[in-house]
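Encoded as C-alpha cells, the structure appears first; notes follow it.
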Amino acid sequence: MRDPPPHLLLLGATGFVGAHLLRRLEHVVPRITAVRRGSPPPKARCRWVDAPPDPARFDRLLRGLAPDAVVNAAALASVKACRADPTAARRVNTELPSVLARTAARIGARLIHLSTDQVFDGRDPPYAENRPPSPLSVYGRTKAAGERRVLESGADAVIVRLNLVYGRSLGARPSSSDVLLARARAGRTVDLFTDERRSPVAVTDVARAVEELLGGGFRGILHLGGPES
C-alpha cells in the first residue's frame, strides 16, 4: 500500500458518509480541503471551501487547489427527490463526477467516486462488478451515467458501489439508522421494504475502505457491502 496522498479534496463532507470519511481521514492525510454546500461544517482539522453553484466550475476549483486525490461523496441520493427533479439529479449525480474525473485525469489526481447498488434492477442477483448496469429509477440512471463518465475519463479512478449504509450521524441531520432507532425506542411502528434483499454495510467500514483505496493502486469498480444479507 502506498502512503496516503499529501493533499485530499473531499466533496460531500457534511453528509452522512462524508462526515465519517472526514473524521477518519483527517488523522492520516496531512492536508484536507473539504467542500460544503450550505450545511454548517462539523469540527475538523481541515480547510473548508464552498461548493461552486455549477458543476462545470469544479474544474477551476480542482485546478486551483491541485489536490493529489479527490473523494466524491456528494450525491442527490433520495430516490423521491431525484424523481421529483431529474435535472438536479443529473447535475449532481452525472455532471459533477464527469467534471471531477476529467479534471483529475488532467492534473494527475486519484479519484474515489462513491456510487450505489441502485444501478441494478434487482433481477438475477448476485451482481459482480462486471455486470452491466440496469437501473430502474432516475436516481439509479443518473448514478450509472456518472459511473460511465468516470470510466471514460481515463482518470486513475475507483468507483465504489455502496450497499445500504447504516450508522450514527455525525451532523445535525439524523441518519436513517438514527430515525429507525428513535421510532423503535418510542414504540412506534417502523415501515421498511419487503421486496428488497440488501447487504447493509457500516459507515465506519466504508470510511476504512476508502482510506485503503486512497493508498492503493487499484482502478475500476468495487462492490462494498456488509457480511450479512
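Which value in nm describes the separation of the simple spin-label points at Ala128 and Asp3, placed 7 Å from the Cα toward the beta carbon?
With each label point 7 Å from Cα toward Cβ, the separation is 3.8 nm.
Heads up, I need the accessible area for Asp59: 1.4 angstrom probe, whole protein in place, Å², nearest 10.
30
With springs only between Cα atoms under 10 Å apart, run a GNM on the chain and tell me which of Ala104, Ala182, Ala74 wobbles the most.
Of Ala104, Ala182, Ala74, the Gaussian network model singles out Ala182 as fluctuating most.
Please list, in order along the stretch 88-94, the HN-Hα scalar couplings obtained from phi with the Karplus expression 6.51 cos²θ - 1.76 cosθ + 1.60 (θ = phi - 60°), rounded to whole Hz, x for Gly and Pro.
In residue order, the calculated couplings are 5, 4, 5, 4, 8, 8, 10 Hz.
Let me have the relative contact order for the chain, percent, based on Cα pairs under 8 Å that are six or more residues apart.
Here the relative contact order equals 22 percent.
Distance between the C-alpha centers of the stretch 50-92 and the stretch 110-160? Whole Å please.
16
Find how much the distance from Leu192 to Arg106 grows on full extension, using 0.36 nm per residue of separation minus their present alpha carbon separation; answer in nm with one decimal.
Length difference between fully extended and current span is 26.6 nm.
Heavy atoms only, probe 1.4 angstrom, no DNA, RNA or ligands counted: give me Glu196, Glu147, Glu228 ranked by accessible area, highest first.
Values: Glu196 85, Glu147 5, Glu228 140 Å².
Sorted descending by solvent-accessible area, the residues read Glu228, Glu196, Glu147.
I need the trypsin sites (Lys or Arg not before Pro) found in the stretch 122-185, filtered to DSSP loop residues with at most 16 other beta carbons within 10 Å of theirs.
Of the trypsin sites (Lys or Arg not before Pro), the ones in loops of the stretch 122-185 whose Cβ has at most 16 other Cβ atoms within 10 Å are Arg123, Arg168.
Quick one: work out the % antiparallel among DSSP beta bridges in the stretch 64-177, nearest 5.
DSSP beta bridges in the stretch 64-177 are roughly 0 percent antiparallel.
Among Ala184, Ser153, Asn163, whose Cα projects farthest towards the positive end of the dipole of the stretch 143-209, with charges put on the beta-carbon of Lys, Arg (+1) and Asp, Glu (-1)?
Ala184
Of Ser98, Ser199, Ser175, which is the most mobile in a GNM of the chain whose springs link Cα atoms less than 10 angstrom apart?
Ser199
Excluding ligands, DNA and RNA, what is the solvent-accessible area per residue of the chain at a probe of 1.4 Å, expressed in Å²?
Values: 12270 Å² over 229 residues.
With all protein chains present, the chain gives 54 Å² per residue.
Normalising by the residue count of the stretch 54-190, find the relative contact order in percent from Cα pairs under 8 Å and 6+ residues apart.
Details: 198 pairs, mean separation 36.1, N = 137.
The normalised contact order for the stretch 54-190 reaches 26 percent.
Using only the Cα atoms, work out Rg/Rh for the stretch 76-205, with Rh taken as the Kirkwood radius, to two decimals.
Working: Rg = 16.4 Å, Rh = 16.3 Å.
Rg/Rh: 1.01.
At 1.4 Å probe size, with no ligands or nucleic acids counted, give the accessible surface of Val160 in Å², nearest ten.
Counting only protein heavy atoms, the figure is 10 Å².
If amide H atoms are built 1.01 Å from N in the plane of the peptide, which residues on other chains or at least 5 residues away come under 5 Å of the amide H of Arg110?
Hits under the 5 Å cutoff: Ala69, Val70.
How big is the charge dipole of the chain about its Cα centre, in debye rounded to the nearest 20, if each Lys and Arg gets +1 on its Cβ and each Asp and Glu gets -1 on its Cβ?
Charge dipole of the chain: 620 debye, to the nearest 20.
At a Förster radius of 41 Å, what calculated FRET efficiency corresponds to the Cβ-Cβ distance of Ser137 and Arg185, to the nearest 0.05?
Details: r = 31 Å, r/R0 = 0.76.
Rounded to the nearest 0.05, the efficiency is 0.85.
Which of Val165, Val17, Val79 moves most in a GNM of the chain, Cα contacts under 10 Å?
Fluctuation is largest for Val79.
The values are calculated or read from the model by the stated rules, or taken from the named source; none is laboratory data. Treat the numbers as computed from the prediction; the structure is a model and nothing was measured. Here the Cβ is made from the backbone with ideal geometry for all residues, glycine too, and neighbour counts use every protein chain on show. Accessible surface areas use protein heavy atoms only, side chains included; no ligands, DNA or RNA. Shrake-Rupley method; radii C 1.70, N 1.55, O 1.52, S 1.80 Å.
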